[in-house]
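Okay, structure first, notes after.
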Amino acid sequence: RCVGREMVYVHNLLRSFRHPGFVECRRLMSEALMPIFNADALRAAATNALTEARRRFNEIEAIPIDQSNARTILDSWDRASVLIEDAFGVISLLNSVHPDQAVRDAADDALLEESSFLTALFQNEALFERVRSVKPHSIAEKQLQKDLLEAFEDSGVALPPGRRERFQEVSDRP
């Protein structure tokens with residue numbers, strides 16, 4: 001597999017030898033490994049990711065406590081998190097390296113929206129109760145539950161409502 005600096009080296013080497021593998025490397029190099037957004041497409045991708053994530057977390061919140069288990073809560077949480085990470089990993093990178101200021105500005109806005117979403121998510125008492133009620137079995141499940149519970153605590157889920165709202169306000173500042 002050709003990647004990074006090695007890809008350039010292999011590309012030049014194979015081209016110089018007219019090697020049949022060159023065709024495959026050239027094909028790999030021509031495929032975009034991540035989307036390159038303009039400002040409008042970036043905003044749309046961020047909005048779509050947060051909308052879908054919100055829908056998925058609402059489904060988790062609707063699961064009755066007595067049906068909370070690693071599959072219904074932790075696995076569902078993990079899939080929703082992957083959705084967010086896939087979208088906002090790219091957005092975060094483009095925020096730092098895109099040559100167009102409009103795209104960087106749109107990425108700034110999107111990252112603030114993501115941060116606000118995550119703070120509200122980890123202040124959600126119903127989700128906290130569902131994560132806390134899970135009896136993990138595997139090491140991975142135990143680690144995920146531990147990480148989630150720490151994130152809930154770090155976001156102030158245990159604070160009284162007034163202080164939780166203040167925490168959200170402070171977290172939403174640019």
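Since every read-out is calculated from the coordinates, none of them should be taken as a lab result. The shown structure was predicted, so the numbers you read here are calculated from the model rather than taken from an experiment. All Cβ positions, glycine included, derive from the backbone under ideal geometry; neighbour counts span all protein chains shown.
General remarks:
- Label point of residue 61 set 7 angstrom out along Cα-Cβ; within the range 126-144, amide nitrogens under 13 Å from it belong to 126-130.
- Theoretical FRET efficiency, 1/(1+(r/R0)^6), r = Cβ-Cβ of residue 111 and residue 149, R0 22 Å, to 0.05: 0.35
- Using θ = phi - 60° and Karplus 6.51 cos²θ - 1.76 cosθ + 1.60, couplings along the range 127-143 (whole Hz; Gly, Pro as x): 5, 4, 5, 5, 5, 5, 7, 5, 9, x, 10, 8, 4, 5, 5, 4, 5
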